[in-house]
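Down below is the structure, laid out as structure tokens.
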């Protein structure tokens with residue numbers, strides 16, 4: 001149990017500091033660690049937990065909490081949350097005090113612009129990996145395609161797309 | 001330890017009453033409860049318009065910082081605002097307020113998922129939910145990738161990153177160090 005908690009702490013504190021460009025950029029590494037390195041769950045389970053977290057309110061990285069809970073119960077929730085939100089918060093607090101001095105510095109603009117393509121590559125990787133693990137039947141491929149189309153224009157709230165997917169899945173249409 | 005960082009705000013601080021630790025907690029608690037599918041637009045409404053903790057310009061500047069740093073934007077924003085008004089205690093109050101309800105909700109959903117894992121209908125429902133959540137990620141990927149279409153070097157870096165992470169399944173840390181260094185060097189040499 002202690003070993004598992006230590007692993008959770010190590011994984012999520014590293015991810016906390018690498019999450020440039022928001023939480024979705026670290027999903028592939030999270031999946032690699034949780035599924036391939038530690039074998040805590042299957043890729044399909046990981047996608048299911050990610051989906052549950054998306055259906056909940058609040059910040060979009062609540063999947064971390066859920067992984068902690070799945071792997072080690074409430075102590076896991078505590079450790080995973082502290083590890084995920086602690087280090088980046090400390091960095092925020094420290095940088096805030098010197099932000100004034102460098103916010104207009106040319107290197108800051110270069111750093112922001114230079115990280116952008118990496119962020120794009122990571123978000124696309126997240127989308128592909130999660131889709132791959134979720135769409136094990138044709139009907140789910142169709143649900144993913146429809147949800148993508150619905151939310152691409154931004155006119156529809158993401159929650160409606162999730163509700164549509166849950167209902168379509170529940171109905172069992174298109175399943176063998 | 002009270003860290004006062006009023007000097008970090010662009011406009012001189014007016015006579016607005018700074019929020020108390022309790023107000024920071026309840027404000028972010030409320031955000032965490034209602035923020036479905038992205039908290040950011042709602043957070044501006046609460047912080048700038050409703051509670052008037054920050055002016056629009058202060059909010060935008062603070063958000064710029066939070067987007068630049070690692071971690072979720074909104075998580076960082078809660079920490080930054082808490083710290084600015086009430087020091088470390090304020091930062092804790094805001095962050096815990098923000099994640100308290102979502103934590104309870106996701107764990108409850110996790111319990112439901114575990115409990116009904118063997119019921120085929122519920123199983124299919126969660127599979128459909130997962131497929132739709134994948135769709136949300138796909139549309140987000142298309143949106144973030146779209147501005148890169150006129151930027152061949154950026155596209156190349158993004159493609160390398162994709163191959164390293166999704167195909168070769170390399171660890172994130174070394175991949176990121178190498179590609180971020182290349183990306184920043186390119187952006188420095190040829191600013192757009």
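The values are calculated or read from the model by the stated rules, or taken from the named source; none is laboratory data. Nothing here was measured: the structure is a model prediction, and the numbers come from that model. When we count neighbours, we look across all protein chains shown, and the Cβ atoms used for this are built from the backbone with ideal geometry, even at glycine.
General remarks:
- Residue within the stretch A:121-133 that is free of Cβ contacts under 8 Å to residues at least 24 places away in the same chain, farther than 30 Å from residue A:163 by Cβ and part of a helix (DSSP H, G or I) present: yes
- When residues in the stretch B:165-181 are screened for being touching a residue at least 12 places away in the same chain (Cβ under 8 Å) and more than 8 Å from every other protein chain (Cβ to nearest Cβ), 1 of them pass.
- Residues of the stretch B:66-87 that are over 12 Å from the mean Cα position of the chain (by Cα) and within 8 Å of chain A (Cβ to nearest Cβ): B:80, B:83, B:84.
- Only one of A:153, A:148, A:144 that is over 16 Å from the mean Cα position of the chain (by Cα), closer than 30 Å to residue B:154 by Cβ and surrounded by fewer than 22 Cβ atoms within 10 Å (Cβ to Cβ): A:153
- Whichever residue in the stretch A:134-146 is assigned to a helix (DSSP H, G or I) and without any contact (Cβ under 8 Å) to a residue 24 or more places away in the chain and, among such residues, is nearest to the other protein chains (Cβ to nearest Cβ): A:144
- Some residue of the stretch A:98-116 being more than 7 Å from chain B (Cβ to nearest Cβ), in a helix (DSSP H, G or I) and modelled with pLDDT of 90 or more: no
- Meeting the requirement of 3 or more residues that are more than 15 Å from the chain's Cα centre (by Cα) and either at pLDDT 95 or above or surrounded by fewer than 24 Cβ atoms within 10 Å (Cβ to Cβ) (or both), the helices (runs of 4 or more DSSP H) wholly within the stretch A:1-95 are A:2-18.
- The residue that is farthest from residue B:109 (Cα to Cα), among those in the stretch A:147-166 that are more than 7 Å from chain B (Cβ to nearest Cβ) and in a helix (DSSP H, G or I), is A:149.
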